[in-house]
Amino acid sequence: MKTDFLVIGAGIIGLSVAKALQEKYPGKSISIIEKEKDVAMHASGRNSGVLHAGFYYTADSLKARFTREGNARLKTFCREHGLKINACGKVVVARNDAEVETLHELEKRGKTNGVDVRIIDERELETIDPNVRTHRFALHSPTTATVNPKEVVRRLRDVVMERGANLYLNTKYLYRVGLNRIKTDRSTFEAETIINCAGLYADKIAKQFGFGEEYTIIPFKGIYLRYGGEDHPIVTNIYPVPNLKNPFLGVHYTVTVDGKIKIGPTAIPAFWRENYEGFKNFDIDDLVEILWYEARLFVTNRFNFRSLAFEEFRKYSKAHLASLARDMVKSIDEKKFDRWSTPGIRAQLLDTRTLELVQDFVVEGDETSVHILNAVSPAFTCSLSFAEWVVEKYVN
């Protein structure tokens, strides 16, 4: 099957790339292949649904470049298509004076990135959400919001298909068979340009094209714990001060698009790429490769991986996970956090030379293929703006 552009993966990034291609190259044919029976079956449909503001990231990063604009673009997309948005905002709270200093660093980064964010005192915090607890000060982000991620991705699917893109579901990439030709379990595709947006498998596909040689995906399992009560003890997203040296934001409260509350996520090291639960989707090759790298991280204790792993596995306990969020609020019934959410897997890129987790987006490619190797949070927020940049920079 011949096509001008072939996109591998129908998550938020793959569909956003297809949309950007349609806008830059109207009239060109676009095909999207997806191994699952529908779009958004992995990270794009299993994330928190938070539209981030863009204050965590240093100004020289791609994340800083695309988060603020991506936030506004996705809100506009949702409004234009009648999709739900919860404009509940977000606060980052501190436990001590050292964390207050980090709040000021986050405010500085946010203002440098053009984000609406500012330090507030406890009195003003109480007007935003009277149940939030902090040490002296908090950081307020009014532009943070939540959406239904599956709803957004499915509408984006409809938009690109209405504009003429061909979507092939239940079509699994197998291997490369030529310069610009790939084999799937259904047919062979040939394209002028192949754009790899395969998420958990992006590194494996990239290597077949001669890219991503210094990287591998290390999967981390993220699970939220849902609040089962009918009351609404908090009304805004509440986050702790993060460790800026690693890409995880810590256990936090999320208010979903329909006003429900959840805490999490975990960042539990997974043992194969689709290690969602039990031995479903077990892959022995994945297990061997990933355990090799995780063992090296454990022994060398890079980015404090050893204690991170022990602490994350403890979060399988509902009581323990709920206790980690306790100090960020004044009052909440922890026993009502009684239902696990659907697990998600974070496709986190590891630099195999340094054994460091890569914190920014990574893209490699040439005139025939482009590979989005690292599109971790806030990739959902950045998707429309980031995809336009990828197409503009790499697809000519």
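Every number here is computed from the coordinates shown, using simple stated rules; none is lab data. As the structure is a computational prediction, the values presented were derived from the model and not from experiment. Here Cβ is always computed from backbone atoms with ideal geometry, including for glycine, and neighbour counts include all displayed protein chains.
For the reader, a short list of remarks on this structure follows.
- Taken along its principal axes, the alpha carbon cloud of the stretch 320-379 reaches lengths of 56, 25, 17 Å, longest axis first.
- Neighbour counts of C-beta atoms inside 10 Å place W272, W292 in the sequence W292, W272, starting with the fewest.
- Qualifying trypsin sites (Lys or Arg not before Pro) for the stretch 1-51 [loop in DSSP, other Cβ within 10 Å: at most 13]: K37
- Modelled label positions at E356 and D333, each set 7 Å beyond Cα in the direction of Cβ, lie 4.8 nm from each other.
- Computed on the Cα atoms alone, the convex hull of the chain gives a volume of 134 cubic angstrom per residue.
- Too-long pairs where the Cα-Cα distance tops 26 Å, listed order kept, from K84/K330; K90/K111; K63/K111; K37/K318; K183/K221: K84/K330; K37/K318; K183/K221
- Relative exposure of D116, D203, D333, D231, judged by other C-beta atoms within 10 Å (fewest first): D231, D333, D116, D203
- Value of [θ]222 nm, deg cm²/dmol, for the chain, DSSP H segments ≥ 4, -39500 (n - 2.57) each, nearest 500: -10000 deg cm²/dmol
- Theoretical FRET efficiency, 1/(1+(r/R0)^6), r = Cβ-Cβ of E162 and D366, R0 30 Å, to 0.05: 0.45
- Modelled spin labels at K207 and L179, positioned 7 Å past Cα toward Cβ, are 2.5 nm from each other.
- Of all DSSP beta bridges confined to the chain, the antiparallel ones make up roughly 70%.
- Amide H within-cut-off set for V7, under 5 Å, with H built and near neighbours excluded: S31, I32, I33, I195
- Put a dot 7 Å past the Cα of L244, heading toward its Cβ, do the same for A295, and the two dots end up 3.7 nm apart.
- Here the gap between R118 and A87, fully extended at 0.36 nm per residue and compared with their Cα-Cα distance, gives a gain of 9.5 nm.
- Long-range tail of P(r) for the stretch 26-170 (Cα pairs > 25 Å, %): 43
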